[in-house]
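First up is the structure itself, then whatever we jot down about it.
What follows draws every value from the coordinates through simple rules; no lab data is involved. The structure presented is a predicted model; accordingly, all values stated were derived computationally and were not measured. In this analysis, Cβ positions are derived from the backbone assuming ideal geometry, glycine residues included, and neighbour counts consider all displayed protein chains.
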Amino acid sequence: MTAEIEGRGFVVKSIRNYYGGTLAGNPDGYTASNDPAVRGLVALELQNRTAELAILRFSFEVDKLIVERSKLGLLDFSAKSRIDKALKELKEVGIPGEKAKIAGNNAQIRSGFADLAQKAIEAQDYQRAIDLIGASRDNSQNATFQVGNCYLDLKQYDKAIAQFSALTGSSAYGEKAELGIADSQHLKGDDREAMNSIYRVLGNFRNSPEELAALAKVDDWKLLDRAKEFPEMSANISGVYVQKGLIDAGPARSTAVTDYQRGVEFKAAGGSKAEASKKILSEYSAVKTRYRSQLGTAKQVADQNFNMKRERARGQYEAWQTSYTRAQTNARYDYDTDLRDKRREYDDAKRELDYLTRNPPAAPGSGSQTGGTDPYSNNPSTGGTDPYGIGGATAGGTDPYSTKPKTSGTDPYGIGGATAGGTDPYSGGSGNSGNAGTDPYNDGEYQNRLDSARAKVDRLNREYSWLYYNEESYVSDKTSSERASLETAKNEYERFDSANKPAYIANDSEVQRYSGLYSQADQKYVTLKGLAQEAGY
């Protein structure tokens, strides 16, 4: 690949654009070396050019290594490791090192140009200062402000205004820039626009140096003598001087009196100063009266809000009282019902236990007379109510299993009966042969039922006793939610007790706001009355 490059400036610009380098001065050349004051800066710029070219060479080497690595085989680990190490050295040491040199040189270049520009300003060589600041590529707000002042001193007012206008939104240079615009407009002969800039500076008077400079310009330009051209100036500038007097009244009383006199002077605009002083005091008295009225309105609104909230809280409290009373009534009804039901359960359980106690199973018999509580246990061998008559192992009847073989067959209980087990759940249930089984009428089942009945009676006795002796606890548990809500409503209602109204009104945000404004207005009015008396009005 071949390329024809014309001029080193093109190379330097390409490096800057591709790699993010920073240049000072003209990248297509350098400041003429026949200027002794800038030779050192030119030398630094040339060092930057050398560093930029070194970055370009390093970049070419990086590209070359990347291509070389892409052509290596998958298992050529040694060559890959060598290339990776070289790439790391170039990317982390070589290129950053050259960029660091450039950054350091640029800082020296900017500082050098700034020093030279300041010396040019002090020598009133304003055009040279503008050129030096431009050569430094310094775009800071301070540099812009310096250029604006240089154009102002060169009487190039439109260019000065353009520089200052770029700074009007700055917190650090905004007021300074407005003063620069005011000076430029005044020197152009446009005092209307100049005063607009002055008003912007004085808009929120704090007694700052820039604001004092703005007031001084009004005097320097003798605008008071041209008050008719600026009908708004009487009120605007007078108000600023009165504000200044209020600020100075504490630390510098004599200055405050002078400030008040200037305020009266601008207010009078050639008329009666005594009347002007009365107007100033009247205006501040009106402000005080307005705040007092607004304070009264705020108190009325707070009073109404308190009453409204009190009525709302009272309504909530009464509603929850009703709800709580209803909940208690319902809870006591539930209590009576539960107590009655529990007594019935208890009585039923006792009757069941009594029955079981009085009717234990009969002693086991023999043969066909097996005993127990089986309703068929004592049926005579000749019949009775047994649906299978005298069935069993020795007789027929209608029992489908009465004649089944004892050793096999289709009987689901195998060879059950009185002599053997099988799968019959009642295989030994009659008590014969001593086999208990699961017959619900055998002795073991009876004991289980008896124990269960006794446990049930004990449990129901405890539950019934608790209910009987703990009616209030029962009701309290049932009404806990309503009681908590009632307590909350009660506290809220008590918070709006009439005795708390004065504190509520005093703590209202609007009342506090207008109380503060009224207090400040009253203090200002009292201070101005004192200044007016001392000024002789």
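To the nearest 0.05, how large is the calculated FRET efficiency for Glu61 and Met308 if R₀ is 51 Å and r is the Cβ-Cβ distance?
0.05
Would you kindly state how much longer the chain becomes between Ser171 and Ser282 on full extension, computed as 0.36 nm times their sequence separation minus their alpha carbon distance, in nm to one decimal? Mind showing how you got there, number by number?
Numbers: separation 111, 0.36 × 111 = 39.96 nm, distance 3.54 nm.
Result for the pair: 36.4 nm of gain on full extension.
Bridgeable lysines around Lys350 (alpha carbons under 28 Å apart, same-chain partners fewer than 8 residues away excluded): Lys342, Lys456.
Label positions at Leu339 and Ser480, each projected 7 Å from the Cα along the C-beta direction, are separated by 2.2 nm.
In the range 155-283, taking the dipole from charged Cβ atoms about the Cα centre, the farthest positive-side position among Asn196, Asn207, Ser254 is held by Ser254.
How big is the charge dipole of the range 155-283 about its Cα centre, in debye rounded to the nearest 20, if each Lys and Arg gets +1 on its Cβ and each Asp and Glu gets -1 on its Cβ?
For the range 155-283, the charge dipole is close to 180 debye.
Cβ-Cβ distance of Glu92 and Ser509, R₀ of 60 Å, FRET efficiency by 1/(1 + (r/R0)^6): the value works out to about 0.50.
Taking a Cβ cut-off of under 11 Å around Arg110, the surrounding Lys, Arg, Asp and Glu residues balance to a net charge of -1, with basic ones at +1 and acidic ones at -1.
Using the Cβ atoms and a cut-off under 15 Å, what net charge is assigned to the surroundings of Val240, where Lys and Arg are +1 and Asp and Glu are -1? Summing Lys and Arg as +1 and Asp and Glu as -1 gives -3.
Under a Cβ-Cβ cut-off of 15 Å, what is the net charge of the residues other than Phe306 that fall near it, where Lys and Arg count +1 and Asp and Glu count -1? Within the 15 Å Cβ shell, the charges total 0.
For the listed residue pairs Lys71/Lys99; Lys155/Lys279; Lys217/Lys529; Lys176/Lys524; Lys188/Lys267; Lys217/Lys524, the alpha carbons are over 32 angstrom apart in Lys155/Lys279.
Rounded, prolate or oblate for the range 155-283? Axes are the square roots of the Cα gyration tensor eigenvalues, ordered a ≥ b ≥ c, and the cut-off for rounded is a/c under 1.5.
oblate
Using the Cβ-Cβ distance between Gln523 and Gln124 with R0 set to 56 Å, the FRET efficiency works out to roughly 0.70. Overall dimensions of the range 62-112, expressed as equivalent-ellipsoid semi-axes from the Cα gyration tensor (√(5λ), whole Å, largest first), are 36, 9, 4.
Stretching the chain fully between Ala235 and Lys188 yields a gain of 14.4 nm (0.36 nm per residue, less the alpha carbon separation).
Stretched out straight at 0.36 nm per residue, the stretch from Asn470 to Arg69 would grow longer than its current Cα-Cα span by 135.3 nm.
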